[in-house]
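K.L.:
After the structure tokens below, expect a handful of questions from me.
The values are calculated or read from the model by the stated rules, or taken from the named source; none is laboratory data. Note that the structure is a prediction, hence the values are computed from the model and not measured. A quick note on method: Cβ atoms are made from the backbone with ideal geometry, for glycine too, and the neighbour counts reach across all protein chains shown.
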Amino acid sequence: MIQNNRSIVHMDLDTFFVSCERLLDSRLNGKPVLIGGISDRGVVASCSYEARTFGIHSAMPMRMARELCPEAVIIRGNTGIYTKFSRMVTDIIKENVPVFEKSSIDEFYIDLTGMDKFFGNHKLASEIRKKIIKETGLPISFGLSNNKTVSKIATGEAKPNNQIKIDYGNEKKFLSPLSIRKIPMVGNKTYQILRNLGVKQIKTIQQSPVELMEKVLGKNGKIIWKKANGIDNTPVIPYSEKKSISTERTFERDTIDIGKLKRILISMVENLAYQLRKKEKVAATITVKIRYSDFNTYTLQRKIPYTSADHILIPVVAELFKRLYNRRLLVRLIGVRFSNIVHGAYQINLFEDTAQFIHLYRAIDKMRNRYGSKAVIRAVGIDVKYLKQSESFNALSADKLITIN
């Protein structure tokens with residue numbers, strides 16, 4: 001049963017990508033900085049607070065951002081560097097708390113329930129924040145309350161580089177004067193619906209009957225009403241780097257058809273990447289597996305920046321397969337595994353992709369969600385049969401593993 005007096009911390013690295021770049025180049029301090037696709041068709045992945053004063057926000061077309069702030073410094077971005085810093089912060093949190101959830105590359109939930117018997121939970125969270133700042137140089141903010149929703153909103157109010165504690169029983173009072181935009185789940189469409197009804201502040205939702213919210217917004221209306229009233233029993237999901245998703249194919253007859261093998265691998269990657277996005281997860285380790293007719297099995301793996309975009313994953317898998325494949329032997333089985341999986345909203349490579357590319361992914365996934373995972377596929381995978389996914393915590397202990405740094 002979920003306790004009512006939990007202690008949930010939400011930590012969020014402030015303008016994470018920009019902060020990483022500023023650690024590498026102090027000349028960026030105090031300047032409006034845009035990170036993302038550098039072409040006019042690119043999009044903004046992250047922007048500094050200085051840039052936000054011009055009305056710039058993430059996912060905005062880069063051309064529009066340039067027009068709003070011509071003097072902005074534009075950087076393509078380096079996902080490898082951001083992943084490295086993210087892991088540094090993750091390791092610090094892991095060493096100091098019993099349970100935490102990594103919800104994205106720069107965002108964490110920590111469950112400190114019961115820890116106040118040994119430390120003051122606010123003091124402990126403060127010490128962890130100070131340690132992160134000292135050891136990484138990155139600014140980070142946190143909110144502390146009895147649930148994930150209030151803590152996340154509190155973090156937003158604490159920024160930049162600060163902290164807020166919401167005492168038990170004060171959740172509604174804290175939320176009441178805030179804009180309805182602060183509520184998780186309230187996107188542009190929902191915001192416009194509520195604004196058309198004259199709803200601006202959270203207190204108006206708090207004062208409204210839950211039945212009215214359900215009538216206006218459907219099933220999400222009740223959830224939004226609960227969040228507005230500071231009610232959220234969602235648990236902190238323990239973080240695990242070992243969890244993986246994989247698929248493999250054993251052939252009825254051993255094959256040496258390289259074209260067939262490549263087509264199947266592409267279909268595997270496409271399907272697994274969709275499963276990641278569907279579950280709002282990203283992976284940082286890719287493994288390719290081959291079993292030959294003599295039953296010897298080999299795997300090759302590579303660590304990459306967190307992603308769930310198949311057009312990024314496919315070339316990695318193709319490279320691993322090329323390095324692993326022995327043309328002189330018949331193949332009995334091939335497989336692909338994505339591991340080091342975390343919950344993550346950062347799904348598309350905003351540094352390389354255009355706005356059109358991102359919209360295309362969303363449209364394709366929407367069709368797959370409605371009509372099935374095979375509703376939209378690459379032409380090379382038309383003749384590939386259904387691929388089964390599996391989630392596993394087991395390593396390929398019997399395989400000969402090679403790691404590429």
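K.L.:
Could you list, in sequence order, the residues of segment 145-156 that are of a type in the set (D, E, K, R) and in a loop (DSSP other than H, G, I, E, B)?
P.N.:
none
K.L.:
Please verify whether segment 76-87 includes one or more residues that are assigned to a strand (DSSP E or B) and either surrounded by 16 or more Cβ atoms within 10 Å (Cβ to Cβ) or at positive phi (or both).
P.N.:
no
K.L.:
Is one or more of the residues making up segment 149-156 farther than 25 Å from Ile133 by Cβ, buried (at least 20 other Cβ atoms within 10 Å of the Cβ) and touching a residue at least 60 places away in the same chain (Cβ under 8 Å)?
P.N.:
Yes, that holds for at least one residue.
K.L.:
Continuing with this model, one more query. Among (1) part of a helix (DSSP H, G or I); (2) under 26 Å from Phe85 (Cβ atoms); (3) modelled with pLDDT of 85 or more, which single condition is Lys303 missing?
P.N.:
Only one criterion is unmet by Lys303, namely (1).
K.L.:
Does at least one position in segment 91-103 carry a residue that is of a type outside the set (A, V, I, L, M, F, W, C), within 14 Å of Leu13 (Cβ to Cβ) and in a loop (DSSP other than H, G, I, E, B)?
P.N.:
Looking through segment 91-103, none of the residues is of a type outside the set (A, V, I, L, M, F, W, C), within 14 Å of Leu13 (Cβ to Cβ) and in a loop (DSSP other than H, G, I, E, B).
K.L.:
Let me ask another. Considering every residue within segment 154-163, establish whether at least one is closer than 30 Å to Glu127 by Cβ and of a type in the set (D, E, K, R).
P.N.:
yes
K.L.:
Does segment 98-108 contain at least one residue that is over 25 Å from Val43 (Cα atoms) and without any contact (Cβ under 8 Å) to a residue 60 or more places away in the chain?
P.N.:
Yes: segment 98-108 contains one or more residues that are over 25 Å from Val43 (Cα atoms) and without any contact (Cβ under 8 Å) to a residue 60 or more places away in the chain.
K.L.:
Another question about this same structure. Would you be able to tell me the number of residues in segment 115-127 that are assigned to a helix (DSSP H, G or I) and free of Cβ contacts under 8 Å to residues at least 60 places away in the same chain?
P.N.:
6
K.L.:
List every residue pair whose Cβ atoms sit under 7 Å apart, with the two residues 6 or more apart in sequence or on different chains, where the first one lies in segment 214-228 and is farther than 13 Å from Gly187 by Cβ and free of Cβ contacts under 8 Å to residues at least 24 places away in the same chain and the second, anywhere, is among the aliphatic types (A, V, I, L, M) and surrounded by 17 or more Cβ atoms within 10 Å (Cβ to Cβ).
P.N.:
Gly221/Met213; Lys222/Met213; Trp225/Ile205; Trp225/Met213
K.L.:
So, of the residues in segment 6-41 that are under 22 Å from Met64 (Cα atoms) and among the basic types (Lys, Arg), which turns out to be farthest from the chain's Cα centre (by Cα)?
P.N.:
So, considering only residues that are under 22 Å from Met64 (Cα atoms) and among the basic types (Lys, Arg), the one farthest from the chain's Cα centre (by Cα) is Lys31.
K.L.:
For segment 90-112, which positions are in contact with a Ser or Thr (Cβ under 8 Å, 6 or more places away or on another chain) and within 17 Å of Lys152 (Cβ to Cβ)?
P.N.:
Scanning segment 90-112 gives Lys102, Ile105, Asp106, Phe108, Tyr109, Asp111, Leu112.
K.L.:
Do we find a residue being at pLDDT below 90, within 27 Å of Ser308 (Cα to Cα) and among the hydrophobic types (A, V, I, L, M, F, W, C) anywhere in segment 124-144?
P.N.:
So far as segment 124-144 goes, no, none of its residues is at pLDDT below 90, within 27 Å of Ser308 (Cα to Cα) and among the hydrophobic types (A, V, I, L, M, F, W, C).
K.L.:
Further question on the same structure: Collect the residues in segment 271-300 that are part of a helix (DSSP H, G or I) and at pLDDT 90 or above, keeping them in residue-number order.
P.N.:
Scanning segment 271-300 gives a single hit, Leu272.
K.L.:
Here are some residues: Lys94, Lys102. Which one is at pLDDT below 95, in contact with a strand residue (DSSP E or B) (Cβ under 8 Å, 6 or more places away or on another chain) and surrounded by 20 or more Cβ atoms within 10 Å (Cβ to Cβ)?
P.N.:
Among Lys94, Lys102, only Lys102 is at pLDDT below 95, in contact with a strand residue (DSSP E or B) (Cβ under 8 Å, 6 or more places away or on another chain) and surrounded by 20 or more Cβ atoms within 10 Å (Cβ to Cβ).
K.L.:
Select from segment 191-235 the residues that are aliphatic (A, V, I, L, M), in contact with a helix residue (DSSP H, G or I) (Cβ under 7 Å, 6 or more places away or on another chain) and closer than 21 Å to Lys148 by Cβ and list them in ascending order.
P.N.:
Result: Ile202, Ile205, Val210, Met213, Leu217, Ile224, Ala228.
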